[in-house]
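Below you'll find the structure, written out as structure tokens, and then a few comments.
Bear in mind these aren't lab numbers, they're just calculated from the coordinates by the rules spelled out. Note that the structure is predicted; figures quoted are calculated from it, not measured. Cβ sites come from the backbone with ideal geometry, for glycine too, and all protein chains shown count toward neighbours.
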Amino acid sequence: MLRAVNVGGRNLIKMTQLTELCERLGHTGVRTLLQSGNVVFRSKSSGRAQVLKSLQQAIEKRCGFRPGIFLRSLDELREAIAANPFPDAARDDPSHLLILFIDGTPPAGAAESLSGFKGGPERVKLAGKNLYLHYAGGIGTSKLTNAVIEKAIRTAGTGRNWNTVNKLVELCSEL
């Protein structure tokens with residue numbers, strides 16, 4: 001999952017370009033989802049760090065920017081779905097339920113500070129490398145923004161809504 005691509009006219013990459021770059025790197029079964037930097041593929045490389053580095057370098061060379069990339073295996077995506085602390089939101093409000101995928105380790109107390117957020121009806125739960133967010137009042141009007149979240153957890157992440165995460169699992173399962 002690429003972070004902050006094709007947003008506000010910045011960090012532009014066509015999904016056909018992303019597919020082509022992944023295939024040139026030797027990945028197979030490459031498929032993209034939406035225009036927001038979601039790509040699934042099968043990799044022969046056993047090293048996550050190498051896959052990440054080579055893809056970042058290829059995008060930078062071709063598109064002129066180096067995106068944050070958050071890699072997750074099919075099993076990790078399935079585990080993220082299974083660990084969802086808000087099953088009611090998954091059932092009743094999936095477009096407002098997000099998983100923020102992070103790679104760093106938030107400092108002690110970060111989850112508690114977000115859980116106590118008093119800006120609105122949001123619910124927040126940190127579980128491992130995933131931060132679950134239910135924006136019951138809507139995402140666009142919430143005061144619980146990425147800037148607020150990342151200040152609290154002191155690491156970057158990229159969010160995908162429940163529907164998108166499930167579609168990524170479906171695409172991965174088809175490989």
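Observations, loosely collected:
- A viscosity of 1.002 mPa s and a temperature of 20 °C, combined with the Kirkwood radius over C-alpha pairs in the Stokes-Einstein formula, give the range 1-98 a diffusion coefficient of 146 µm²/s.
- For the range 134-145, putting each phi into the Karplus relation 6.51 cos²θ - 1.76 cosθ + 1.60 with θ = phi - 60° gives couplings of 10, 9, 4, x, x, 7, x, 9, 6, 8, 8, 8 Hz, in residue order, rounded to whole numbers and with x for Gly and Pro.
- Lysine pair number, Cα distance threshold 25 Å (strictly under), the chain, separation 8 or more or different chains: 20
- Neighbour counts of other Cβ atoms within 10 Å put 71, 171 in the fewest-to-most order 71, 171.
- Set the Cα radius of gyration of the range 74-173 against 2.2 N^0.38 Å, with N its number of residues, and you get 1.01.
- Exposure proxy for 24, 72, 31: other Cβ atoms within 10 Å of each Cβ, ordered fewest to most, give 24, 31, 72.
- Quotient of Cα Rg and 2.2 N^0.38 Å for the chain, N being how many residues it contains: 1.04
- Each part reduced to its alpha carbon centroid, the range 102-175 and the range 50-90 end up 14 Å apart.
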